[in-house]
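Take a look at the structure set out below.
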Amino acid sequence: MRELRDERLTAQGARLWLKWDDNKRRKLKYNLVAARDQGYRAILTFGGAYSNHLRAVARAGREHGFDTIGIVRGEEHLPLNESLAYCVAQGMRLSYLDRASYRDWPSHVDALRTRFGDFYLVPEGGSNALAARGCAEIAPEIDVDFDVVCCPVGTGGTLAGLAYGLPDGKQAHGFAVLKGGGFLAGEVARLQREAFDVVTSNWSIDLDFHRGGYARRGPELDRFIEDFRARHGIDLDWVYVAKMMLGIFSRPPGTNIVALITDGSNLYNRSYDNCTYAKS
Ligand SMILES: *Cc1c(COP(=O)(O)O)cnc(C)c1O
């Protein structure tokens, strides 16, 4: 962890510490234990063509001796992009589902079992109760005196576990990276209930910084990333981390803030050519 000194925060009476944290690895930890305990040899999951989650599963499979099957949204494009090439290099088998079928993936699981044999299923994005349990181990590692800890929110598993793991009096604040994230609070509550039998009241989700939607960005976010790199020498991942950081700088959610830099499994923090610009 390290403190980030920035006059724009100081002017607003806030201090910020950064904690680099590979949340995708944490989300898989207890799923891998469960898969092993239940005798599975293969893990199947779902993701987009640039999914951090697919790469994390491929890597975990190689490290822990599971076969992995990645069901990719959309059509196959050859040559594989860097992200999917990485998955294959880790030993993952890829298969594709067209977008309409992908949206309705639960109804395809039986067919996938017929095709690939039995497997341990990890949902898209990796968020389930065991993922939340893994993320509950983040908070005890924060070794500065803080009042609020922030993370980006994609599917909500990270925030659910992070908030549960906090000691009394501390808050977790998530920034939704997708548009129409009103449903996310329900997801975080569901994941906490399934993982811990309780929904804590120490978290909130800011919906104002998605900047056009998931994997979308505009000139304002780009300028913020460029400026951040110039000031601090840190490349912010634009899909998740930069949106959270823009939110923190625009509206600090506390006085002693910790921000999770979650892009441990991101290959792209230096590359911007897989971007989609938001219209405005
Ligand atoms: C997946 C991901 C998140 C969001 O985690 P959720 O548990 O899905 O909310 C945040 N940052 C990065 C870099 C990610 O890959």
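The values are calculated or read from the model by the stated rules, or taken from the named source; none is laboratory data. The structure displayed is predicted, hence computed values, not measured ones. Here the Cβ is made from the backbone with ideal geometry for all residues, glycine too, and neighbour counts use every protein chain on show. Protein only, heavy atoms only, side chains kept; ligands, DNA and RNA dropped before computing areas. Shrake-Rupley method; radii C 1.70, N 1.55, O 1.52, S 1.80 Å.
Does Glu226 qualify as being open to solvent by 20 Å² or more (accessible area, probe 1.4 Å) and free of Cβ contacts under 8 Å to residues at least 40 places away in the same chain? Here the answer is yes, as Glu226 does meet what is asked. Of Val148, Val88, all but one fail to be in contact with a Leu (Cβ under 7 Å, 6 or more places away or on another chain) and either open to solvent by 20 Å² or more (accessible area, probe 1.4 Å) or more than 16 Å from the ligand (Cβ to nearest atom) (or both); the exception is Val88. Annotation: Pro106 fulfils all but one of (1) out of contact with any Leu (no Cβ under 7 Å at 6 or more places or on another chain); (2) at pLDDT 95 or above; (3) not aromatic (Phe, Trp, Tyr); the unmet one is (2).
For every residue, the table says whether it meets (1) more than 21 Å from Ala35 (Cβ to Cβ); (2) more than 13 Å from the ligand (Cβ to nearest atom); (3) charged (D, E, K, R); (4) touching a residue at least 60 places away in the same chain (Cβ under 8 Å).
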{"site": "Thr114", "(1), (2), (3), (4)": "no, yes, no, no"}
{"site": "Pro152", "(1), (2), (3), (4)": "yes, no, no, yes"}
{"site": "Ala172", "(1), (2), (3), (4)": "yes, no, no, no"}
{"site": "Gly181", "(1), (2), (3), (4)": "yes, no, no, no"}
{"site": "Val199", "(1), (2), (3), (4)": "yes, yes, no, no"}
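Residues that are assigned to a helix (DSSP H, G or I) and open to solvent by 10 Å² or more (accessible area, probe 1.4 Å) within the range 247-263 comprise Phe249, Ser250, Asp263, listed in sequence order. Under the condition of being farther than 15 Å from Ala49 by Cα and hydroxyl-bearing (Ser, Thr, Tyr), the residues counted in the range 78-121 number 4. Considering the conditions (1) open to solvent by 10 Å² or more (accessible area, probe 1.4 Å); (2) within 16 Å of the ligand (Cβ to nearest atom); (3) small (Gly, Ala, Ser); (4) part of a loop (DSSP other than H, G, I, E, B), Gly212 is excluded by exactly one of them, (2). Scanning the range 151-186 for residues that are part of a strand (DSSP E or B), buried (at least 24 other Cβ atoms within 10 Å of the Cβ) and not aromatic (Phe, Trp, Tyr) yields Cys151, Pro152, Val153, Ala172, His173, Gly174, Ala176.
Among the residues of the range 261-278, some residue qualifies, meaning at least one is at pLDDT 55 or above, within 16 Å of the ligand (Cβ to nearest atom) and aliphatic (A, V, I, L, M).
Residues that are in a loop (DSSP other than H, G, I, E, B) and within 7 Å of the ligand (Cβ to nearest atom) within the range 116-145 comprise just one, Ser127. Within the range 37-48, residues that are within 18 Å of Arg62 (Cα to Cα) have Cβ atoms under 6 Å from residues that are polar (S, T, N, Q) in these pairs: Ile43/Thr68, counting only partners at least 6 apart in sequence or on another chain.
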